[in-house]
Amino acid sequence: MTSDDAVEPTAPRNRTPLLIGAAVLVVVVAIVVYLSMSGGSGDPTPTNAGATAAVTASTAAAPTSAAPTEADLALTASGLAFGPASGGSRDGSLTLTVKNLGPASVPYDVSVTLPNYIRFVPQSGCRSELGHEPVITMTCARPPLAAGASAALTLMLHATAEEHGTPPVHQARVAISDSSADPGAANNTVDVAVTFA
């Protein structure tokens, strides 16, 4: 081989573009793997999540409240008649009748106010108390009364034997004892006439 045939050394190749391309490929593959592991989707506008929840809550059906119950109670009363004096006192009785005109079944209280010289015979479920005026009131708690039904309550009473002038007239009253309403208050009270034999 002559000096003219000698091979000239080649310049080294520039590998920088290849390295850059490989790095980009690695980054792309990493992104693809991450997205596939995380479900590949997200909320593009995460700031509206709260607003969406608020709209959902506001459009949810509000619970309906039960309609209040009501019953029309009507009261009637017999006259309070005392018999002849015997042993220094007179005995009498008073019957109060309540009718439930409906529509609901309700518990109720019956009360009657009379002159304070009259005394009630103790009875279960009833209590008596003296008022500021010369009267005494007895109130009796009664169990629920079904619509269309009636219930009678008879009270036994004592009075002194002496005459008391003109027999007075007092009132009896019925009232629902729970939160139910009574649309007909006009028939909740009745006059009670007191007479002596």
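The values are calculated or read from the model by the stated rules, or taken from the named source; none is laboratory data. A quick note: this is a predicted structure, and the numbers were derived from the prediction, not measured. Here the Cβ positions follow ideal geometry from the backbone for every residue, glycine too, while neighbour counts run over all protein chains shown.
Residues that are under 26 Å from residue 186 (Cβ atoms) and among the hydrophobic types (A, V, I, L, M, F, W, C) were ranked within the stretch 82-113; the one that is farthest from the chain's Cα centre (by Cα) is 94. Applying the set (1) outside any strand (DSSP E or B); (2) at pLDDT below 95 to residue 81 leaves exactly one unmet item: (1). When you check residue 128 against the structure, is it more than 17 Å from residue 184 (Cβ to Cβ) and in a strand (DSSP E or B), yes or no? Yes. Restricting attention to the stretch 136-164, the residues that are within 21 Å of residue 81 (Cβ to Cβ) and surrounded by fewer than 17 Cβ atoms within 10 Å (Cβ to Cβ) add up to 9. Here 116, 48 are screened, and the one residue that is at pLDDT below 80, out of contact with any helix residue (DSSP H, G or I) (no Cβ under 8 Å at 6 or more places or on another chain) and surrounded by 10 or more Cβ atoms within 10 Å (Cβ to Cβ) is 48.
Hey, does the stretch 124-136 have a residue that's on the phi > 0 side of the Ramachandran plot and free of Cβ contacts under 8 Å to residues at least 40 places away in the same chain? Among the residues of the stretch 124-136, at least one is on the phi > 0 side of the Ramachandran plot and free of Cβ contacts under 8 Å to residues at least 40 places away in the same chain, which makes the answer yes.
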